[in-house]
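The values are calculated or read from the model by the stated rules, or taken from the named source; none is laboratory data. All of these numbers come straight from a predicted model, not from anything done at the bench. Note that we place each Cβ from the backbone using ideal geometry, even for glycine, and neighbour counts take in every protein chain shown. The protein model used for the area step is the full one, side chains on, heavy atoms only, and it has no ligands, DNA or RNA in it. Shrake-Rupley method; radii C 1.70, N 1.55, O 1.52, S 1.80 Å.
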Amino acid sequence: MIEYLAERTAQHIKHMVPHHPSSIAVLKYGLSIVINITFIILVTMLLSTLLGTFHPAMIIMFSFALLRQLTGGYHLKTGMGCVAFSSLLFVTLSMMTLPTIYCIILTCMSIILILFYAPSHLANHSRISETYYPLLKIAGCFLVAINLYVLSVPVALAFFVQSVSLIRRR
């Protein structure tokens, strides 16, 4: 569905502005990213509102996305798979409560995972040069370490799940 919407929109844009330098393929790629993110946000907002977990879900979604930009992570094969999995993950995590000690443990485990695996799966999904990968690792660790001061359970959950997505199967 996402690919279809992106394709149709790209064709429409190219039809309306035929001399635009971007090809339909390039437009489709960019649009599919925007549509994917928009669907994840809307579905997460809708479900979390219905379940009364809107604020934690928004914190989780934002935290997950911010760390993902620094560290990368596994990508699902289809856009709709990503929307369904991500939205359900964010909403499910938003319903969880944990004692503070687990918040600290998850945060420390996230830092360890980032130290060992970050950045991961960035090569075909980012224009960031590999020269900057060590800085991304440090920035990711620093971002997660802030939660040792804040002690937010939703943030710890988001960071931990994102950190697990860094692990590559060999």
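Charge tally for LEU122 (other residues, Cβ to Cβ under 15 Å; Lys, Arg +1; Asp, Glu -1): +3. Expressed as a whole percent, the accessible area of the chain that falls on carbon and sulfur atoms is 72 (1.4 Å probe). To the nearest 0.05, how large is the calculated FRET efficiency for LEU151 and MET1 if R₀ is 30 Å and r is the Cβ-Cβ distance? Rounded to the nearest 0.05, the efficiency is 0.15. Determine, at each q value in 0.25 (inverse angstroms), the log₁₀ of I(q)/I(0) that the Debye formula gives when each Cα of region 64-133 is one equal point scatterer. Log10 of I(q)/I(0), two decimals: -1.21.
Each helix, a run of at least 4 DSSP H residues, gives -39500 (n - 2.57); summed and divided by the residues of the chain, these come to -24000 deg cm²/dmol at 222 nm. Taking 27 Å as the straight-line reach from the Cα of LYS137, the lysines in range (excluding those fewer than 8 positions away in the same chain) are LYS77.
Of the residues GLN11, CYS108, ILE40, the one whose Cα sits farthest towards the positive end of the charge dipole of the chain is GLN11 (charges of +1 on Lys and Arg Cβ, -1 on Asp and Glu Cβ, taken about the Cα centre). Solvent exposure of the chain amounts to 61 Å² per residue of accessible area, where only protein heavy atoms count and the probe is 1.4 Å. Hydrodynamic radius of the chain by the Kirkwood approach over all distinct alpha-carbon pairs: 17.2 Å.
Panel values: region 114-170, Kirkwood radius from alpha carbon pairs, Stokes-Einstein at 10 °C and 1.306 mPa s, translational diffusion coefficient 130 µm²/s. Please build a GNM for the chain, connecting alpha carbons under 10 Å apart, and tell me which residue among GLY52, GLY79, GLY140 fluctuates the most. Of GLY52, GLY79, GLY140, the most mobile in the Gaussian network model is GLY52.
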